[in-house]
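Here is the structure we will look at, set down as structure tokens.
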Amino acid sequence: MIQYDFVTFSMGQLPDRAEYTLLADKVVLLLRYPRYLLLMKTQYGDEAEMLIEEILRQGKDTASRVIIRAATRLKESLKVEKVCLVTLRDKFLVLVNKQFVMRCPYPSEEKDVPELTIKEKQLYLPPDINLKGLSDLEEGKPGNPGDEGICWRVNLDRFHQDFRDQIMVSAISRRLDDNAGELLRQLLKQMYLRTEPWVATSNPVPFTELREAVRKQSSYPLLAQYVDQYLKIMEEDSSGFVSKVGDSSGGQYSLNMKTAFIQLTWATIENIVMERFGSKAARIFRLVKAKKFVEQEQIQQIAMIPAKEAKLLTYKLLEENFLQMQELRKSLASNVPNKTFFLFYIDLNQVARMVLEMCCKALYNAMTRREYERSENRRMIEKQQRIELITLNMKEQGATSEQLAEIEEMLTPPEQALLEKVRIMINRLNEAELQLDETMFILQLYLSYQI
Amino acid sequence: MTTNKPEESVRNGNDQLSSLESSEHRILALAKGSGKGISDKDIQNEVPDLRPDQRASIINKLLAQGYFDLFNQGGTLLYKLKDPSRIQKVKGADNEEKIVYSIIEEAGNKGIWIRDIRFKSNLIPTQLNKILKILENKKLIKAVKSVSASKKKVYMLYNLEPDRTVTGGAWYCDQDFEAEFVDVLNQQCYRFLHQKLEATRDCKGGPIAARNISYASSKDVWKYISELGISKVQLSVEDMETILDTLLYDGKVERCVTTDGSHLYRAVESLLPAPGIVRIPCGVCPVLRHCSDVGSVNPKKCVYMKEWLE
């Protein structure tokens, strides 16, 4: 588990014993592997995807071994005789440059409990890989590609950065239109030249550079024409992604990551309230958000909902902890009849954490159900697998089609139908887990910006 | 001589009576002349030959007949002549009814609650109820149900229109909140704004021009809805704004304030599609809190999941 970074160790109370801690968050990240691979495939191609997949499988490995394994798998899947090792190696170097993979820390000095450190500068130094040594290894001969002892692992934060950018671009495209989405993408690219990736607000980007960058790419001609107008609209939009911070060189614009994620979290939670309790409850929720502190009567009046229904929904939201109540007393003496005000408000931090827990629970439920379905139908699934294996063997041995058909029939139609159903169920549960992960991603990012 | 005495005494009595009547008329004329009212002293100056008890009886009679109103100013009592038109209404009523009627009259078109009448008039409840019933039968007052507390009745004069706070304005019809009416208006407004938004999609003039087309002021929406004619009651621009505000809280429109203080509304798309958690039954499950590995609510036997998976 240490190989996969799920467990870390450090020096404990006694100097020669190590203490191990489990990093639960990293285990949950296992769920996101398919997304990482999809990103790689769409942006950098199949070879990159294969490389990353190999590293993910092993946890940590040296570059040469990864390349060789990837080459073997590519050969099998694409059914070509020779896979060019040079391309693979170049792709690997590209990945290092873009910081998708990074070096692993290594022990600094001989101690009973080794401390793993690595210098900041060394993290992304590309390895020297000797092609001759590589091809030797591939053919099975002993060879030395020249990078023994340097292990690499996947830099998950970099992937998360890309996901974050994707979410922001798609949100703006929904709000305004595709041109605005493209503009935001360019703005993000410019931002990375000047700012650390995880700060709450980026450093300003001058307008002139942005316009140049937009003009260079040709797929959105309307955008080039109206860059300043789009910027103005994005700046005035209530989502608050972009703000103007200065006027030099045509205007300085900066991206507010923190505000952006606050808005996205509000949007997510409002959607959840709407799906769970109904659109009238969502109206009440947004009202309390806008007015910060409201009384029950005001809710009724402004939201234009009949009194009984409004009270029911408000107290339901209170019960499920989406709303909180604040008491304001006029005087502490209890014998004097006094009017105590009950105000409703929303504490976003608390609600976000609660929804995150809901997601985790739903995830657990989905996985449990999936296992249950699988174990219920285990006998059948095993039977099907056996039949497939037999069919494959017989095909290789050159059996006739009649024999194949005979074996196929060992699986009766109702069994086949049941198997089909089980397969659909398991797929659906898998999909649900991935979608849950998307929601969890937004909430986790929001919470990480709050600290 | 002896027979003259009874006639004399009768004649004296008649004289006395006629002098009483004439003093009454003189007092009335005096009261008519003075706008502010006459005090006891003024009456004494006017008719000096009346004895105090005679004066008192005249004044009481005039009060009872409703010609005079009694006012207390700084310790002295003033008598003011009442409007003859108002005298007609409470003719035949007795003192307590008159007091209750005047209290209700003061409350104007907001009406007054029965408890407040009791405080002001100091009458016992049963008597007050009887009086109110009599006045209602005479069609002088009416009871109107208040919209804020449905069991509370306020009383006001028969021919007055109840105030807006009592009936609730355009959204209430017979004390019932018209939820469907509000919903219909809501949908119509949203459709109007959405149509405007759709029209901008083909606009080639650049994003700012497109955005300006999609804006609509509350006046435009009001005109559109009035032309549609779906509402029986005449709606005002403020009513429109309350409906548009509900759309704002539905997350379907955005509002911005212009330089001349009016509001502009625009239909918007939400920032995100439906989040992942609601695609699985657990997201909308009402018993999510009770769900765990032990107990009868667990994922393996979950009915919602079974239905969803089929």
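The values are calculated or read from the model by the stated rules, or taken from the named source; none is laboratory data. Note that this is a predicted model, so its numbers are computed, not measured. Methodologically, a virtual Cβ is constructed for each residue, glycine included, from the backbone with ideal geometry; neighbour enumeration extends over all protein chains shown. Heads up: the accessible areas ignore ligands, DNA and RNA and are worked out on the full protein's heavy atoms, side chains in. Shrake-Rupley method; radii C 1.70, N 1.55, O 1.52, S 1.80 Å.
Observations, loosely collected:
- The helices (runs of 4 or more DSSP H) found wholly in the range B:203-266 and carrying at least 2 residues that are in contact with a helix residue (DSSP H, G or I) (Cβ under 9 Å, 6 or more places away or on another chain), open to solvent by 30 Å² or more (accessible area, probe 1.4 Å) and within 14 Å of another protein chain (Cβ to nearest Cβ) occupy B:207-214, B:237-249.
- Selection status of A:ILE284, surrounded by 14 or more Cβ atoms within 10 Å (Cβ to Cβ), at pLDDT below 85 and either within 14 Å of another protein chain (Cβ to nearest Cβ) or farther than 29 Å from A:PHE441 by Cβ (or both): no
- Residues of the range A:318-331 that turn out to be exposed (fewer than 14 other Cβ atoms within 10 Å of the Cβ), within 13 Å of another protein chain (Cβ to nearest Cβ) and not in a helix (DSSP H, G or I), as a count: 1
- Looking across the range B:200-250, just one residue is at pLDDT below 80, among the acidic types (Asp, Glu) and under 23 Å from A:ASP177 (Cα atoms), and that is B:ASP202.
- Subset tally (residues that are of a type in the set (Asp, Glu), open to solvent by 20 Å² or more (accessible area, probe 1.4 Å) and farther than 19 Å from A:ALA171 by Cβ) for the range A:421-450: 1
Here's the yes/no breakdown for (1) modelled with pLDDT of 75 or more; (2) open to solvent by less than 70 Å² (accessible area, probe 1.4 Å); (3) touching a Lys or Arg at 6+ places or on another chain (Cβ under 9 Å):
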position: B:ILE141; (1), (2), (3): yes, yes, no
position: B:LYS145; (1), (2), (3): no, no, yes
position: B:ALA149; (1), (2), (3): no, yes, no
position: B:VAL166; (1), (2), (3): no, yes, yes
position: B:VAL182; (1), (2), (3): yes, yes, no
position: B:TYR190; (1), (2), (3): yes, yes, yes
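- Only one entry of A:GLN263, A:GLN229 meets the criterion of being out of contact with any Cys (no Cβ under 9 Å at 6 or more places or on another chain), open to solvent by 20 Å² or more (accessible area, probe 1.4 Å), modelled with pLDDT under 85 and not hydroxyl-bearing (Ser, Thr, Tyr), and that entry is A:GLN229.
- In this structure, A:SER10 does not satisfy being in a helix (DSSP H, G or I) and open to solvent by 30 Å² or more (accessible area, probe 1.4 Å).
- Residue among A:PRO197, A:PRO145 that is closer than 27 Å to A:GLU53 by Cβ, modelled with pLDDT under 80 and surrounded by 19 or more Cβ atoms within 10 Å (Cβ to Cβ): A:PRO145
- Filter result (charged (D, E, K, R) and in contact with a Ser or Thr (Cβ under 9 Å, 6 or more places away or on another chain)) within the range B:201-237: B:ARG211, B:LYS219
- The sole residue among A:TYR315, A:TYR372, A:TYR364 that is outside any loop (DSSP other than H, G, I, E, B), within 24 Å of the chain's Cα centre (by Cα) and among the hydroxyl-bearing types (Ser, Thr, Tyr) is A:TYR364.
- Pairs meeting the criteria (first residue in the range A:263-277 and within 9 Å of another protein chain (Cβ to nearest Cβ), second residue surrounded by fewer than 21 Cβ atoms within 10 Å (Cβ to Cβ) and hydroxyl-bearing (Ser, Thr, Tyr), beta carbons under 9 Å, at least 6 apart or on different chains) are A:GLN263/A:SER238; A:ALA267/B:SER270; A:GLU270/B:SER270; A:ASN271/B:SER270.
- Scanning the range B:251-260 for residues that are in contact (Cβ under 8 Å) with a residue 40 or more places away in the chain and more than 16 Å from B:ARG211 (Cβ to Cβ) gives a single hit, B:LYS252.
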